[in-house]
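All remarks here apply to the structure that follows.
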Amino acid sequence: MTVQVETKSMTVRMLEDLQRALQKPMEERHWAMVIDLRKCVGCNACTVACKAENNTPPGVAYHVVIEEEIGKYPNVARRFLPRPCMQCEHPPCVKVCPVNATYRRPDGIVVIDYDVCIGCRYCLTACPYGARSFDFGEFYTAGHTPEVAAYDTSPSFEYGRLHQRQPGRLNESPIGNARKCTFCIHRLEKGMLPACITTCLGGARVFGDLNDPKSLVVQLAASPRVVRLKEELGTEPSVYYLL
């Protein structure tokens, strides 16, 4: 007699973890991400998915993949380091904001209130990970083509409401605001995983509730291979890397 062992895909497992987390009050959740650098192939699918999901303009990228060369000739290789916002437990960007436009939610996600942000860019300088961008009001097609393409002005759902950028409205948010990765809050609250998670070709990333001992993200975060970027700064990032 053969015994069939049912195995769940990582995506199914993460969705189950997500649904379980959403049953709890916000203050009892702590969203986190684990990225396995051995599995990352540098395809940049996460970067493209993030830009498509959040409809970010030129110069604004919530998620990038940093490439570096490691080793010494002739034994050299390339390593890829995906870098979303670290969603720090002690975020330096929050401390320097003069108008309290950026703050940390009870579930650990650091957000920006576009209606309060004055565009001083102190937070961009304070972030030790370079994870913030400034919206200068640029468009991919404005001024370069006969007409502005629809994708340049299509609204994106961010921070709980639709935001639409128009070339003739350069004084309206999010133009003139600091912008950053939010772990796709708008998707999480609908029971969906962040866009970068669902599009990772190598299955290099895991997302979930760090306060749930049954979650996959907790199991991976406990690995002896885990590191966090610039831990010496005391920021306590919510993004973990597996070396």
Query raised in the report: Can you give the helix-only mean residue ellipticity at 222 nm for the chain, where every DSSP H stretch with n ≥ 4 adds -39500 (n - 2.57) and the sum goes over all residues, rounded to the nearest 500 deg cm²/dmol?
Result: -5000 deg cm²/dmol
Report task. Determine ³J(HN,Hα), in whole Hz, for all residues of the stretch 202-211 in sequence, where each value follows from phi through the Karplus function 6.51 cos²θ - 1.76 cosθ + 1.60 and θ = phi - 60°; x replaces Gly and Pro. Result -> x, x, 8, 10, 10, 10, x, 8, 6, 8
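Taking the square root of 5 times each eigenvalue of the Cα gyration tensor, what semi-axes in Å does the equivalent ellipsoid of the chain have, largest first? Mind dumping the intermediate values first?
Working: eigenvalues 189, 92, 81 Å².
Equivalent ellipsoid of the chain: 31, 21, 20 Å, largest first.
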Query - Peptide ranges 223-235, 50-62 listed from the most packed, as the mean C-beta count within 10 angstrom indicates - result: 50-62, 223-235
Query raised in the report: Remind me, what semi-axes does the stretch 147-226 give for its equivalent ellipsoid, largest first in whole Å, using sqrt of 5 times each Cα gyration tensor eigenvalue?
Result: 34, 14, 12
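For the stretch 27-115, count all C-alpha to C-alpha pairs, find those more than 20 Å apart, and express that count as a whole percent of the total. Before the final figure, lay out the partial values.
On the way: 2063 of 3916 pairs.
That tail contains 53 percent of the Cα-Cα pairs.
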Report task. For a label point 7 Å from the Cα of GLU172 along Cα→C-beta, name the residues of the stretch 26-56 whose backbone N is under 18 Å from it. Result -> 55-56
Report task. No other cysteine beta carbon under 4.7 Å away is the test; run it over the chain and list who passes. Result -> CYS40, CYS43, CYS50, CYS88, CYS97, CYS117, CYS120, CYS127, CYS184, CYS200
Report task. Kindly write out, for the stretch 227-243 in residue order, the coupling ³J(HN,Hα) from the Karplus curve 6.51 cos²θ - 1.76 cosθ + 1.60 (θ = phi - 60°), rounded to whole Hz, with x marking Gly and Pro. Result -> 9, 10, 6, 6, 4, 5, 7, x, 7, 6, x, 9, 10, 10, 10, 9, 7
**Report entry** Value in Å of the Kirkwood radius, where the stretch 95-206 supplies the Cα pairs that are averaged
**Finding:** 15.8 Å
Report task. Report the calculated FRET efficiency for LYS24 and HIS90 (r = Cβ-Cβ distance, R0 = 30 Å), to the nearest 0.05. Result -> 0.85
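Show me 141-151, 31-41, 112-122, 172-182 ranked by packing, highest mean number of other Cβ atoms within 10 Å first. Spell out each step's value before the answer.
On the way: 141-151: 11.3, 31-41: 19.4, 112-122: 16.2, 172-182: 21.6.
Top of the packing list down: 172-182, 31-41, 112-122, 141-151.
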Query - Residue-by-residue Karplus 3J(HN,Hα) for the stretch 101-109, coefficients 6.51, -1.76, 1.60, Hz, glycine and proline x - result: 6, 10, 8, 9, 6, x, 8, x, 7
Query raised in the report: Gap in Å between the Cα centre of the stretch 18-45 and the Cα centre of the stretch 94-119?
Result: 21 Å
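Each value in this text was obtained by applying a stated rule to the coordinates, not by laboratory testing. Bear in mind the structure is a predicted one, so any value in this text is a computation, not a measurement. Glycine gets a Cβ as well: all are built from the backbone with ideal geometry, and neighbour counts include every protein chain shown.
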